[in-house]
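Before any comments, here is the structure.
Read-outs throughout are calculated quantities, based only on the coordinates presented, and are distinct from any laboratory measurement. On a predicted model such as this, the values are computed, not experimentally measured, just so you know. Using ideal geometry, Cβ is built from the backbone for each residue, glycine included, and neighbour counts are taken over all protein chains shown.
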Amino acid sequence: MAEALKVPTMAEYMAEGKKPEVLFWVGCAGSFDDRAKKITKAFVKLLHEAGVDFAVLGTEESCTGDPAKRAGNEFLFQMQAATNIEVLNGYEIKKVVTACPHCFNTLKNEYPALGGNYEVMHHTQFLKTLLNEGKLKVEGGKFKGKRITFHDPCYLGRANGEYEAPRDLLRKLEVELVEMRKCKKNGLCCGAGGGQMFKEPEPGNKDVNIERTEQALETESEIIAAGCPFCNTMMTDGVKNKEKEDSVAVMDVAELIAEAEDL
Amino acid sequence: MQILAQILFVIALVAGIGFFARNIKRVIRNIKLGREIDRSDRSNERFAKMARVAMGQSKMVKRPFAGFLHIIVYVGFIIINIEVLEIIIDGIFGTHRIFSFLGGFYNVLIFSFEILAFLVLVGVIIFWTRRNISHIQRFLARELKGWPKNDANYILYFEMVLMILFLTMNAADYQLQLNGADHYASEAGIMGSFPISQYLLPWMEGLSNSTLIFIERIAWWLHILGILFFLNYLYYSKHLHIILAFPNVYLSKLNPMGELNNLESVKKEVELMMDPNADPFAAPAEGEEDEEPEKFGASDIFDLNQVQLLNAYTCTECGRCTSECPANQTGKKLSPRKIMMDTRDRVEEVGEIINKNGKFEDDGKKLLDDYILREELWACTTCNACVEACPVGIDPLSIIVDMRRYLVMEESAAPNELAIAMTNIENNGAPWPYNQMDRLNWAQEK
Ligand code: SF4
Ligand code: SF4
């Protein structure tokens, strides 16, 4: 794709006196991390494809405060929340979609008590609705019959009880969906949550992402599907560590759908 | 002679129950050392969850073998308690099998008690081998060395002995009834049905009635004294869960697992900071001057809330949490079970000081560092696997987060890289050192 993506901002909408149907909350990883940016773009393409009227906050977006809160810095978290809520409420946002389960959890569960009440969806949930409404086509294409396993992000799965939306989408791709021995409610963390992403692990005999990657490799899948930019990084590192990057890809559910549609 | 036995029985009963009441009062007093927390909402949902998880043991069966055995022991325990009721009434009034007027139904009851007692015996023996012979990881962890391991075994021995006494008592009783002994035999025929203890009869047959009465009485007394002793052992043991599991599940968190509470104390300060009209140098409002600023997070049990302390007393030390913990699985020091055991040990230590002095006097120790290490706290990924795994609704993660809050907000003691990430969030709105103004650059990148 040569041309740049069209990504409208809330400020632009405001200037035209319009309101989008949904705000796409990109998140820090989705904005800055090279791997996660690809997921962001894939998701934007899907939004365009489905004709969704959306906007992003762009430079007005700031970290939700999730890593700060989970590291124990409630102050910083609430400062971030207050700032973000001011912006979101200023634009009278009603509905938010995000490709990051950490942002999803924080916006959905922790902002309401601080004055931020929105309908918040994870991108896999949103894509599933688009699919159900017939706005988005999800079909096999190049992934048809491929062996794929899905790694449950803790903050989508256990934390919020959503196990089926990403799996439903994958089934629509007509892949051979195989489960790891630890999945859904019992899924093993990738090792990034709770601020671990930003620090060295404590002494132990293995890294968590290696353990989880081993479980994924046991399924002999060609693709490890993820639904979180941090899980994606951890699993990608794990696959590299096992020198399997030539045979096993780590991809976000949104990327799989976009690629299947050749977007 | 008979009346003396009745008096002795009543004394034992009153002492046993009285001592138990004192212990329970202590548990309640100790739990109240924690901060108050309101869980009086959504009572229907809470009852439903209690029925499902505590009564219905829904999480126990996630591990089918251990879960199945546990259900046998649990059902056996509850049902056999009906028999204890009869034993107590017989003991007080000097009667023999007072419920036998129930006739056929009584036979069914005794029949099922015997079957259950046997199954419990088998279950408990398997539990013992699992703990002591078949190297099961979660029973070998460092936090189980010493007392916790002994505690677990004592409970199992206890249950074995109680069940054997119960069956022996029934066997001797049955033989006495067959012999037509006074006080035991009844015109109406044999009272009770003895599917298991009948197999003990070959040992009873040749014995004289007085020997049989002696055996029956000894077994009867040891059985009931054993139960009274066991009742009082609970307080010192992980076995307290047989009572506390119910309130604990009832009071457990109903909100999505991912939701952490928002600290109210912080909320006030942030509101003040964000409010352009607030005067940061204003004198504190009337009556607020001498209030000590609220402490953020937890460094000792006093800073935890009452549900967290109840959690600690409820913990069965089963280790299901720890065996699911990603940090523990990869060899880190963190073990959510240990977090709960440490919390209980510290509450007990504080409770002992209060027992001695009438009030708490600083002993120079606290939960942080003296029990729970920083290294443990920082290894947590907040994945909630421990919370999901716990069969009795315990939330070890909430304690970990509260202690991290203390470390970060009171001591500024976050690991260095985390501190940097937080500074980045503060300055650029992202955990990495990127400029917030570049946040939309990805849209232009090809
Ligand atoms: S939340 Fe923390 S303590 Fe609990 S299982 Fe996950 S990493 Fe372990
Ligand atoms: S916290 Fe729950 S799962 Fe963990 S040891 Fe205690 S009872 Fe078992």
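A few comments on the model shown:
- Comparing B:Pro247, B:Pro431, B:Pro391 in a Gaussian network model of chain B where C-alpha atoms under 10 Å apart are linked, the largest mean-square fluctuation is found at B:Pro431.
- Computing FRET efficiency as 1/(1 + (r/R0)^6) for B:Arg26 and B:His183, where r is the C-beta to C-beta distance and R0 is 30 Å, gives about 0.15.
- Model label sites at B:Gln444 and B:Asn277, defined 7 Å from Cα along the beta-carbon direction, differ in position by 4.1 nm.
- Ascending count of other beta-carbon atoms within 10 Å, so fewest first, for A:Tyr163, A:Tyr155: A:Tyr163, A:Tyr155
- What separates the Cα centres of segment A:1-76 and segment B:340-400 is a distance of 40 Å.
- Nearest-0.05 FRET efficiency for B:Trp147 and B:Phe111, computed from C-beta distance (R0 45 Å): 0.70
- Take the Cα of A:Ser247, go 7 Å toward its beta carbon, and the backbone nitrogen atoms of segment A:203-232 under 19 Å from that spot belong to A:210-225.
- Label separation (A:Lys184 vs A:Asn132): 1.8 nm, computed from points 7 Å beyond Cα along the C-beta direction.
- Overall form of the protein assembly as shown per C-alpha gyration tensor (a/c, 1.5; a/b vs b/c): prolate
- Screening chain B for DSSP H helices whose Cα atoms reach 20 Å or more along their own axis and whose mean Kyte hydropathy is at least 0.5 gives B:2-31, B:64-93, B:104-132, B:209-233.
- Counting neighbouring beta carbons within 10 Å and listing from fewest to most, the residues B:His183, A:His122 come out as B:His183, A:His122.
- Calculated FRET efficiency for the pair B:Glu269/B:Ile11, C-beta based, R₀ 56 Å, to 0.05: 0.40
- Length released on extending from A:Lys142 to A:Ala15, taking residue separation times 0.36 nm less the Cα-Cα span: 41.6 nm
- Cβ distances below 4.7 Å define possible disulfide partners, and in chain A the cysteines left without one are A:Cys28, A:Cys63, A:Cys183.
- For segment A:187-260: rounded, prolate or oblate by the Cα gyration tensor [a/c cutoff 1.5]: oblate
- Value of relative contact order over chain B, rounded to a whole percent, pairs C-alpha under 8 Å and six or more apart: 19
- In Hz, Karplus ³J(HN,Hα) per residue of segment A:189-202 (6.51, -1.76, 1.60; θ = phi - 60°; x = Gly, Pro): 4, 7, x, 9, x, x, x, 4, 3, 9, 9, 6, x, 5
- Cβ distances below 4.7 Å define possible disulfide partners, and in chain B the cysteines left without one are B:Cys315, B:Cys318, B:Cys325, B:Cys380, B:Cys390.
- Inter-chain Cβ neighbour count for A:186-193, averaged per residue, equals 6 (cutoff 10 Å, partner chain atoms only).
- Residue order, fewest to most beta carbons within 10 Å, for A:Asp152, A:Asp246, B:Asp275: A:Asp246, B:Asp275, A:Asp152
- Amide H contacts of A:Thr9: A:Val56, each under 5 Å away and 5 or more positions distant or on a separate chain (H built 1.01 Å from N in the peptide plane; Pro and chain starts excluded).
- Fully extending the segment from B:Ile3 to B:Phe47 would add 11.3 nm, taking 0.36 nm per residue of separation and subtracting the current Cα-Cα distance.
- Taken one residue at a time, the phi angles of segment A:247-253 give Karplus couplings (6.51, -1.76, 1.60, θ = phi - 60°) of 10, 10, 9, 10, 9, 6, 4 Hz. Gly and Pro are set to x.
- Cβ crowding within 10 Å averaged over residues, with B:200-211, B:327-338 ranked highest first: B:327-338, B:200-211
- Seen from a random direction on average, the alpha-carbon convex hull of segment A:137-260 projects onto 7.4 square nanometres.
- Nonlocal amide H pairs with A:Lys95, under 5 Å, H built at 1.01 Å: A:Leu23, A:Glu119
- Take each residue in B:367-377, count the other chain C-beta atoms within 10 Å of its C-beta, and the mean is 1.
- Dipole magnitude for segment A:137-260: about 320 debye, using +1 per Lys or Arg Cβ and -1 per Asp or Glu Cβ, origin at the Cα centre.
- Per DSSP, loop GluC sites (Glu not before Pro) in segment B:383-446 with at most 16 further Cβ within 10 Å: B:Glu411, B:Glu445
- Mean separation of Cα contacts under 8 Å (6+ apart) over length of segment B:113-213, as relative contact order %: 33
- Principal axis dimensions, segment A:65-116 - Cα atoms, whole angstrom, descending: 30, 21, 15
- Taking every residue in A:4-11 and counting other chain Cβ atoms within 10 Å of its Cβ, the average works out to 2.
- Of the GluC sites (Glu not before Pro) in segment A:188-263, the ones in a loop by DSSP (not H, G, I, E or B) with at most 11 other beta carbons within 10 Å are A:Glu220, A:Glu243.
- Rel. contact order, % - alpha carbon contacts under 8 angstrom, at least six apart, chain A: 20
- Summary of packing: across the peptides A:12-21, A:54-63, the per-residue average of other C-beta atoms within 10 Å ranks them, highest first, as A:54-63, A:12-21.
- Rounded to the nearest Hz, the phi-derived 3J(HN,Hα) couplings of segment A:146-151 under the Karplus curve 6.51 cos²θ - 1.76 cosθ + 1.60 (θ = phi - 60°) are 6, 7, 10, 10, 10, 8, where x marks glycine and proline.
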